[in-house]
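First the structure, in the form of structure tokens, and then the observations on it.
The values are calculated or read from the model by the stated rules, or taken from the named source; none is laboratory data. Fair warning: this is a prediction, and the values are worked out from it, not measured in the lab. Backbone-built Cβ (ideal geometry, glycine too); neighbour counts: all protein chains shown. The accessibility values were calculated without ligands, DNA or RNA, using every heavy atom of the protein model including side chains. Shrake-Rupley method; radii C 1.70, N 1.55, O 1.52, S 1.80 Å.
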Amino acid sequence: MPNCDLHCHSTCSDGLLAPAEVVRRAAENGVDMLALTDHDDIAGLPLARAAAVEVGLDFVNGVEISIEWEGLQIHILGFAFAAADAALNAGLQTVRCGRIERARRMAAELEKVGIDGSFDGAMRLAANPNLVSRAHFGRHLVERGVCKDLRSVFESYLVPGRPGYVDHRWATLADSLGWIHGAGGVATVAHPGRYKLSRGDMRRFLAEFHDLGGQAIEVMSGSHTPEHVDLYSRLAREYGFAASRGSDFHGPGESYVDLGRLPPLPEGLRPVWQLF
Ligand code: AMP
Ligand code: MN
Ligand code: MN
Ligand code: MN
């Protein structure tokens with residue numbers, strides 16, 4: 001089976017390496033096929049593709065779209081779409097638009113618990129200011145010594161019920177699939193094991209995704225436990241979804257797993273890359 005890593009981030013969203021550096025690291029790690037999947041932004045794709053040509057790696061266009069489903073923030077991956085598609089670009093632009101305003105509201109909430117100046121702090125770390133994310137706030141809080149590492153930031157701050165988390169209107173599930181499919185791409189649920197959904201709600205979500213033409217779910221993910229891998233392998237078979245594999249690499253020393261270093265997909269699943 002080829003070493004396919006179909007989920008990672010660059011400085012175009014909240015990754016720590018430039019697109020070309022991500023590609024070179026993937027090649028060094030033995031990746032055969034890579035998709036760069038920045039949050040809500042596809043500006044890094046041409047840079048990554050040019051680097052992939054140089055190092056002889058198979059490159060696939062990717063994006064990770066932030067959506068809201070029944071009040072929860074969920075991520076939908078798009079693969080192998082036409083990056084010039086006008087509706088996709090306009091749609092992603094609308095998702096990006098709200099992020100700076102959201103960051104101001106996050107900073108205002110943090111100020112209420114005595115943490116001031118976090119808007120400027122997070123923005124300084126965001127190479128692409130339109131893509132300021134909770135990861136930038138998290139890194140800033142670590143830098144200031146508020147928490148010892150990112151993991152503890154996301155235990156005490158920036159998650160629902162904790163200071164620094166604010167509700168936000170992202171795209172809808174139907175929007176995200178419409179944009180991906182309109183551009184000829186393949187829609188995939190990112191890290192399904194990470195969402196705080198009951199079994200029943202997860203099934204309703206997957207059924208809706210299926211009915212909207214969603215094709216795949218990420219079974220092998222840097223943030224999945226072996227139990228998640230078993231569960232989502234079963235659900236992929238049950239719903240007829242193809243299976244994806246992605247590290248969700250954000251940067252050296254920060255991510256669960258390095259590029260290309262995940263176990264292979266379990267036997268008997270249809271790999272999503274067969275649809276490209
Ligand atoms: P946002 O899109 O602004 O809501 O930020 C989400 C990003 O925050 C994710 O893509 C990760 O980069 C980061 N993040 C969320 N939860 C965690 C966590 N528990 N540990 C580390 N990073 C996280
Ligand atoms: Mn991220
Ligand atoms: Mn994600
Ligand atoms: Mn991701």
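Could you check, for region 165-175, whether at least one of its residues is more than 17 Å from the chain's Cα centre (by Cα) and part of a helix (DSSP H, G or I)? There is at least one residue in region 165-175 that is more than 17 Å from the chain's Cα centre (by Cα) and part of a helix (DSSP H, G or I). From the list GLY78, GLY98, the lone residue that is in contact with a helix residue (DSSP H, G or I) (Cβ under 7 Å, 6 or more places away or on another chain) and either over 16 Å from HIS9 (Cα atoms) or away from ligand 1 (no atom under 13 Å from the Cβ) (or both) is GLY78. Kindly establish whether ALA26 is open to solvent by less than 60 Å² (accessible area, probe 1.4 Å), part of a helix (DSSP H, G or I), modelled with pLDDT of 95 or more and within 23 Å of ALA243 (Cβ to Cβ). For ALA26, the condition - open to solvent by less than 60 Å² (accessible area, probe 1.4 Å), part of a helix (DSSP H, G or I), modelled with pLDDT of 95 or more and within 23 Å of ALA243 (Cβ to Cβ) - is met. Apart from one condition, ASN89 fits all of (1) within 16 Å of ligand 4 (Cβ to nearest atom); (2) open to solvent by 40 Å² or more (accessible area, probe 1.4 Å); (3) polar (S, T, N, Q); the exception is (1). Reported count of residues in region 159-196, each being buried (at least 23 other Cβ atoms within 10 Å of the Cβ) and over 22 Å from PHE209 (Cβ atoms), is 1. For region 227-276, enumerate the residues that are more than 16 Å from ligand 1 (Cβ to nearest atom), outside any loop (DSSP other than H, G, I, E, B) and within 20 Å of ASP32 (Cβ to Cβ). Result: ALA242, ALA243, SER244, ARG245, PRO271, VAL272, TRP273, GLN274, LEU275. Looking across region 1-23, just one residue is touching a residue at least 60 places away in the same chain (Cβ under 8 Å) and assigned to a helix (DSSP H, G or I), and that is VAL22.
Right, THR37: open to solvent by less than 60 Å² (accessible area, probe 1.4 Å) and hydroxyl-bearing (Ser, Thr, Tyr) or not? Answer is yes for this residue. Going by what's in this entry, would VAL63 be described as closer than 30 Å to GLU267 by Cβ, outside any loop (DSSP other than H, G, I, E, B) and within 16 Å of ligand 2 (Cβ to nearest atom)? It is true that VAL63 is closer than 30 Å to GLU267 by Cβ, outside any loop (DSSP other than H, G, I, E, B) and within 16 Å of ligand 2 (Cβ to nearest atom). Can you tell me which residue among THR225, THR172 is of a type in the set (Ser, Thr, Tyr), away from ligand 2 (no atom under 16 Å from the Cβ) and under 16 Å from SER66 (Cβ atoms)? Criteria check complete, one pass: THR172.
Yes/no matrix, rows are residues, columns are (1) open to solvent by less than 10 Å² (accessible area, probe 1.4 Å); (2) more than 29 Å from ARG144 (Cα to Cα); (3) modelled with pLDDT under 95:
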{"site": "GLY71", "(1), (2), (3)": "no, yes, yes"}
{"site": "LEU77", "(1), (2), (3)": "yes, yes, no"}
{"site": "ALA80", "(1), (2), (3)": "no, yes, no"}
{"site": "CYS97", "(1), (2), (3)": "no, no, yes"}
{"site": "GLY114", "(1), (2), (3)": "no, no, no"}
{"site": "GLY121", "(1), (2), (3)": "yes, no, no"}
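Taken over region 239-258, the criterion of being in contact (Cβ under 8 Å) with a residue 40 or more places away in the chain and either within 16 Å of ligand 3 (Cβ to nearest atom) or open to solvent by 70 Å² or more (accessible area, probe 1.4 Å) (or both) is satisfied by SER244, ARG245, GLY246, SER247, ASP248, PHE249, HIS250, GLY251, GLU254.
Residue-wise test of (1) more than 17 Å from the chain's Cα centre (by Cα); (2) closer than 19 Å to ASN29 by Cα.
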site	(1), (2)
HIS210	yes, no
GLY213	yes, no
ILE217	no, no
HIS224	no, no
ASP230	yes, no
SER247	no, yes
SER255	no, yes
PRO264	yes, yes
ARG270	yes, no
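The residues of region 29-60 that are under 24 Å from ALA171 (Cβ atoms) and part of a helix (DSSP H, G or I), listed by number, are LEU45, PRO46, ALA48.
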